[in-house]
1. Give the residue, chosen from B:79, B:83, that is in contact (Cβ under 8 Å) with a residue 24 or more places away in the chain and open to solvent by less than 10 Å² (accessible area, probe 1.4 Å).
2. Assuming residue A:95 fulfils every condition listed in (1) without any contact (Cβ under 8 Å) to a residue 40 or more places away in the chain; (2) over 30 Å from residue A:157 (Cα atoms) apart from one, which condition is it?
3. Which one is nearest to residue A:108 (Cα to Cα), of the residues in the stretch B:17-33 that are of a type in the set (A, V, I, L, M, F, W, C) and open to solvent by less than 50 Å² (accessible area, probe 1.4 Å)?
4. Does the stretch B:258-268 hold any residues that are surrounded by 20 or more Cβ atoms within 10 Å (Cβ to Cβ) and free of Cβ contacts under 8 Å to residues at least 24 places away in the same chain, and which are they?
5. Quick check: is even one residue across the stretch B:167-186 open to solvent by 60 Å² or more (accessible area, probe 1.4 Å) and within 25 Å of residue B:79 (Cβ to Cβ)?
6. Across the stretch A:100-123, what is the number of residues that are free of Cβ contacts under 8 Å to residues at least 24 places away in the same chain, more than 7 Å from chain B (Cβ to nearest Cβ) and among the hydrophobic types (A, V, I, L, M, F, W, C)?
7. Mind counting the residues in the stretch B:133-166 that are surrounded by fewer than 13 Cβ atoms within 10 Å (Cβ to Cβ) and within 13 Å of residue B:215 (Cβ to Cβ)?
8. Can you confirm whether the stretch A:75-86 contains a residue that is of a type outside the set (D, E, K, R) and not in a helix (DSSP H, G or I)?
Amino acid sequence: MSAIRMRAAWTALLFLLPWLAGFFALVVFPFGASLYWSFQQYDMLTPPRYVGTANYARLAEELVTGERFGQAAWNTAYYALLSVPLSIVLGVSLAVMLSWNVRGRAVYRTIFFLPSVVPAVASSILWLWLLDPQAGLVNYVLSLVGLPGPGWFNSTAEAAWLPAWFAGNGGFGSKDGLVLMSLWGVGNFMIIYLAALGDIPPQLYEAAELDGAGPVRRFRHITLPMLSPVIFFNLVMGLIQAVQAFTQIYIVSEGQGAPAGSTLVLSLYIFLSAFKYLDMGYASAIAWLVFVVIVAVTVALFRTSHRWVFYQGAGR
Amino acid sequence: MNRKRRTTWWAQAILAVAAALFATPLVWMLLTSFKPAEQIAADPHRVLPVEWRAANYVEAVTTMPYFRYLRNSLLLCAGSVVGTLWSCSLAAYAFTRLRWPMRNQVFGVMVATMLLPWHVTMIPRFLLLRELGLYNTLGALIVPTFFGEAFSIFLLRQFFLTIPEEISEAARLDGCSEWRIFWRIMLPLARPALATVALFQFIASWNDFNGPLLYLNDPSRFPLAYGLEQFVSSYSSQTNLLMASAVLFTLPMVLLFFFAQRTFIRGIATTGMKG
């Protein structure tokens, strides 16, 4: 390397130094250390002790029996697989309707976006109150239309069993309350869709209209394909974020996954294992397993993305 | 045009209903925060307060050490914003304006760290910061921001790329040092992007709950987000006070949104559109 380029590289190193130091101390080291500790028993008080794959064996066992870890894995999957697709559908629908020339567009946009600037701590306090089975507003409104009031954050019921709800068993439970909360905060995603919709060339719609395509076909054959890269991005980011959701879950579940472990998600379980039960090795094993699953899912999504994501200018 | 109107009347109706549903929780929070406790106990569903009780707010900020929490929150936000701007703009400059081996590969690695879930690094990070004597200080939350963070670096880099290379090139030919180009030319030009990063970091620190939960145990050091949660567990029956404190905690974010709407939207759109 010439002297000049050498000098330039040194300058670059100086500019990068803060980030680089942080990268090694706060990312690379912790990343490796937690893998190392996942093979140890470590309670922070006595020195770590090598236990081989015992922590992972325990995870496998709990997964099969559906105990703590199994329950947490189920709760996390339930929350992620319900909240992410529903947010995409809701976010895209709102954005598409806003992109038509409706009256009061700016006002609607503000109203839909506002909930997503409400801090998670505040929105959790608010939704605990709204979804209170007796005194809450939501169940009151349901009772006005003659529908039974679900138990929400006091219930272990699981949603999607709508028939149970109509049968009067209060089919919405704690996790469904969390999903509802996440839908209320959909504004962030909506803004991204709106920006993407603005980038679709109007000629495409004009041409389709001349060819006699109705609104449904224009949506199906122009809007959706043109939005698909952004939808894909939000699907991946949404899943990763849903698996890491913590604050709102901690608050509505009194920090323990209440009631009866129905909101014990993986991030909460890792936190409790590490800092309540001082089982750092076991907690590290869960964290690593979650990480591996996230990577696997992300890679799988990217591998299949060419089948349904339309990349403009990518050629055929 | 005529046909377009016909397709939008039902959209208009759906949007109106949806807007009402989205707005109701916030309206309910405001209304509840003004209700007397007796009203909530006796008739929780009555929409308007029987008497508008602004004293709820006074009670909320006096039953918890509100101003202490607020002071801690502001310290945390200010420190983190300074840290992030400093470390991330330096790195973003190196990623856009300086030439060095493997630059793009290193950038790729940095972007990949954005996808790293926080729990994977949580425990060793905690032990490390505790070793450094930062446990139970706001420093545990502020110091890491001085070491850069992928999301903000990415955002700044995207903006730096839009500034014409010729400007820094000309300064370089005039014998300007890299530091002066960065400090005197790039940063002033990048003001809008710096504002976006500062805004996002301010919000992140204001809202941060995990950090204080992990690192702080002395109530006199709690920021609002965590102090408020403590308040929930001890005063869960006083809904009106809870709502008043939640309103106070939310208000700065809403105001920021209204005053910095364009900065907000630009930030979200830049980061969301890279997909």
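1. The unique qualifying residue is B:83.
2. Single failed check for residue A:95: (1).
3. B:19
4. Scanning the stretch B:258-268 gives a single hit, B:268.
5. Within the stretch B:167-186, one or more residues are open to solvent by 60 Å² or more (accessible area, probe 1.4 Å) and within 25 Å of residue B:79 (Cβ to Cβ).
6. So the count comes out to 2.
7. Within the stretch B:133-166, residues that are surrounded by fewer than 13 Cβ atoms within 10 Å (Cβ to Cβ) and within 13 Å of residue B:215 (Cβ to Cβ) number 1.
8. There is no residue in the stretch A:75-86 that is of a type outside the set (D, E, K, R) and not in a helix (DSSP H, G or I).
The values are calculated or read from the model by the stated rules, or taken from the named source; none is laboratory data. Quick caveat, the model's predicted, so the values are computed rather than measured. Note that we place each Cβ from the backbone using ideal geometry, even for glycine, and neighbour counts take in every protein chain shown. Ligands, DNA and RNA are stripped out before the accessible areas are found, and what is left, the full protein with its side chains, is counted by its heavy atoms. Shrake-Rupley method; radii C 1.70, N 1.55, O 1.52, S 1.80 Å.
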